[in-house]
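**Q** The structure is given below, and queries will be raised subsequently.
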Amino acid sequence: MKTAKKLVLAAVVLPLTLGTASAFAFGGKDHKGGHGDCGKGMDRGIMRQLDLTDAQKDQLKEMRQANKAAMKAKFADGKEARMAERQAHHEKVQALLLADNFDEAAANDLAKEMVEKQTERRVAMLEKKHQMLSVLTPEQKQNTLSYRKNVIKSVVRSSKSLLRSTMKANC
């Protein structure tokens, strides 16, 4: 197979593999909108396997409740301001896309603004996950890593199998 075809195939398979791995790590298709036992990204399957003590369960429950209250407070205040901010951003994007000439500087500024907001959200999410994982013992943390590695390995194996069958069908 030529290099270009391999690169295109890798560009398609890699995001699918990583996306599937995160879906499986998050609990697969049975996820019904809740956030598991410990918040987003820490599913019930992992928490059940860790044999948490009652004190750990209580700490995690308190953290979840505090996070939930903080999110409600954050989104209760200034709903109109957030809506106006989103509308202004949408108008900037539309103005950029519908302009006669493409303004690369404006596009870069808009992209940087989006990246900054996304970075802030990711850092906050990582901080919450760190707080929750800090409740675990070193052995429980190791078990969590092992569980996630096994999930990723199984997803990679199934993705490779899917890739092989797709390649056979196309050849």
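**Q** Restricting attention to segment 139-148, does a residue exist that is closer than 30 Å to LEU97 by Cβ, among the β-branched types (Val, Ile, Thr) and in a helix (DSSP H, G or I)?
**A** No, segment 139-148 has no match at all.
**Q** Among ALA106, ALA55, which is the only one that is in a helix (DSSP H, G or I) and in contact with a Leu (Cβ under 6 Å, 6 or more places away or on another chain)?
**A** Of the residues listed, the single one that is in a helix (DSSP H, G or I) and in contact with a Leu (Cβ under 6 Å, 6 or more places away or on another chain) is ALA106.
**Q** Here is a check on your reading of the model: is ALA81 loosely packed, with under 12 Cβ neighbours inside 10 Å and at pLDDT 90 or above?
**A** no
**Q** Same structure, new question: Would you please list the contacts, defined by Cβ atoms under 7 Å and residues six or more apart or on different chains, that run from a residue in segment 110-130 that is under 16 Å from HIS89 (Cβ atoms) to a residue that is hydrophobic (A, V, I, L, M, F, W, C) and surrounded by 10 or more Cβ atoms within 10 Å (Cβ to Cβ)?
**A** So the pair list comes out as LEU110/VAL93; LEU110/LEU96.
The values are calculated or read from the model by the stated rules, or taken from the named source; none is laboratory data. It should be emphasised that the depicted structure is a prediction, and the values quoted were computed from it without experimental measurement. We place every Cβ from the backbone using ideal geometry, glycine too, and count neighbours over all the protein chains shown.
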